[in-house]
Each structure stands twice: as C-alpha cells, then as structure tokens.
Amino acid sequence: DTAVSQTPKYLVTQMGNDKSIKCEQNLGHDTMYWYKQDSKKFLKIMFSYNNKELIINETVPNRFSPKSPDKAHLNLHINSLELGDSAVYFCASSPVNYGYTFGSGTRLTVV
Amino acid sequence: GENVEQHPSTLSVQEGDSAVIKCTYSDSASNYFPWYKQELGKRPQLIIDIRSNVGEKKDQRIAVTLNKTAKHFSLHITETQPEDSAVYFCADLTDSWGKLQFGAGTQVVVTP
C-alpha cells in the first residue's frame, strides 16, 4: 500500500485549461502539504492543511485552490493554467513536527 | 526558518570517499532538521533527522551533526557508493504547524 499517493503522475495540458491533482495518505497523519519543485529542483511550500483546515497559504496565485474533504485527502485545483505553472507538484503528509512522507509527484507540463 | 542556505550545490566524489554537505539556518527557534534524498525522477525521501537537543546522530554510513551556536548542521556520508548519487536537501522547522523550509539542494555524484 502506497503511503501517500498522487494522481495523475503526468499531466500535459494546454494554456488556459483547468486541471486537478489528487492526493491521499493512509498514514493517519493530521497534516498535509503541497510543494512545488521547479526546474532547478527547489522545493517551495504552497499550502498546508491540518485536519481539513487551511493553516499555511504561501504567496501563490489565486488560480491555485486546495481542497481537503477529509484529513486523508488534499487536492489541488489549478485554473487558467500558464506556462510558468509547469513543474513537479508534490503532496506530503506528516505528524506535527516530524519529517514528511512525500507522494510520488505529478509532473505538470503546460504547452 | 525563513532561510536555509545549503552548500555546495554540486559535489563529485570518488567511490569510497566521504561526502559532506553543510546547511546554515537563520532562525534560532529552529528545532528540527531533516535531510532528504531525491533520486532522479523520484520523490524526496527522509534519510535522517536531528532535533535541537542533540548534537549528532548516526545511521550506518550517514550521520548528521548540529551546531546550534553557529546555526549550522551537516550531513556526512562515509564510504560513498554509486547508489548514493542523488540530490540531497536539508530543511529546518520552526513553524508549530510543521512547515519545513528546504535548502536549494546538493547534487552528489559518486564516480566508480
């Protein structure tokens, strides 16, 4: 059983489209995160949820909207995709104040 | 913490030699310091971590040291092997909600 699973693994889409990435964790962790990894490998936090409640919302365009239907799921919806949104998006989960378990990532390519 | 600096950005070592990566943090409230290894096309994976009440931690060929006074921590890999080739990230945590601030990563290449 995969601890943190993301779908899809690859996503190729045209500019202006709307897309969603889904994440689920079966570790029983209270906190889930979305990170963006750019072409230079830098990992930057986007959002964090604790027990379905948004607790971290970094400076991210409001075209990005996270949703957590329950503490095991954290989805990311992106509206009006732009070329600069191309990156690998990682979901992660953790108990509070411990290291993360990352999902396998979603490679988003906007053309 | 607001800023974690990681050096070097690339590190090439001969198989069997040691590799050291150093990170510096700015927030004295930082209290947890994990290290992640990311192989090409894979997810970052936690390999070792240390808390601020400990100066050193070792797990087989990898070790982490923490100098709270100087606000830096280091990853040491001994007897490097080709499978150690990856990007390594340090991180620190001060946020009570678990937000990790990552360093920029170090590309380690171990040549046979």
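Each value in this text was obtained by applying a stated rule to the coordinates, not by laboratory testing. As the structure is a prediction and not an experimental result, all values here were calculated from the model. A quick note on method: Cβ atoms are made from the backbone with ideal geometry, for glycine too, and the neighbour counts reach across all protein chains shown.
Using all pairs of distinct alpha-carbon atoms, the Kirkwood hydrodynamic radius of the stretch B:1-105 works out to 13.8 angstrom. Between the alpha-carbon centers of the stretch A:1-52 and the stretch B:5-41, tell me the distance in whole angstrom. Cα centroid of the stretch A:1-52 versus Cα centroid of the stretch B:5-41: 24 Å apart.
The region of chain A that goes longest without hitting one of the trypsin sites (Lys or Arg not before Pro) in a DSSP loop, each with at most 13 other Cβ atoms within 10 Å, is A:64-111. What's the long-distance tail for chain A, i.e. % of Cα pairs beyond 18 Å? Summing the P(r) of chain A above 18 Å gives 43 percent of all pairs. Projecting the Cα atoms of B:Ile47, B:Tyr36, A:Gly105 onto the charge dipole of the protein assembly as shown (Cβ charges, centred on the Cα centre) puts A:Gly105 farthest toward the positive pole.
Whole-percent P(r), the protein assembly as shown, all Cα pairs, 5 Å bins from 0: 1, 7, 15, 18, 18, 16, 12, 7, 4, 1, 0.
Place a +1 charge on the Cβ of each Lys and Arg in chain A and a -1 charge on the Cβ of each Asp and Glu, then give the dipole magnitude about the Cα centre in debye, rounded to the nearest 20.
Numbers: 12 positive and 10 negative charges, 49 e Å.
For chain A, the charge dipole is close to 240 debye.
Say R0 is 22 Å: what FRET efficiency, to the nearest 0.05, do A:His73 and B:Asn31 get from their beta-carbon distance?
Efficiency, rounded to the nearest 0.05: 0.15.
Quick one: Debye curve from the C-alpha atoms of the stretch B:40-94, no solvent, what's log10 I(q)/I(0) at q = 0.31 Å⁻¹? Debye intensities relative to I(0), on a log10 scale: -1.44.
Backbone N atoms of the stretch A:13-46 closer than 17 Å to the 7 Å Cα→Cβ label point of B:Thr10 belong to residues A:39-42. Candidates A:Phe64, A:Leu83, A:Gly28 compared by Cα position along the dipole of chain A: farthest toward the positive end lies A:Leu83, with charges placed on Cβ. With a Cα-only, solvent-free Debye model of the stretch B:1-61, what are the log10 I(q)/I(0) values at q = 0.20 Å⁻¹? Each listed q corresponds, in turn, to -1.06.
Between A:Ser39 and A:Gln14, what is the FRET efficiency for a Förster distance of 30 Å, r being their Cβ-Cβ separation, to the nearest 0.05? So the FRET efficiency works out to roughly 0.95.
Inter-chain neighbour count for B:99-106: the average number of beta-carbon atoms from partner chains within 10 Å of each residue's beta-carbon is 5.
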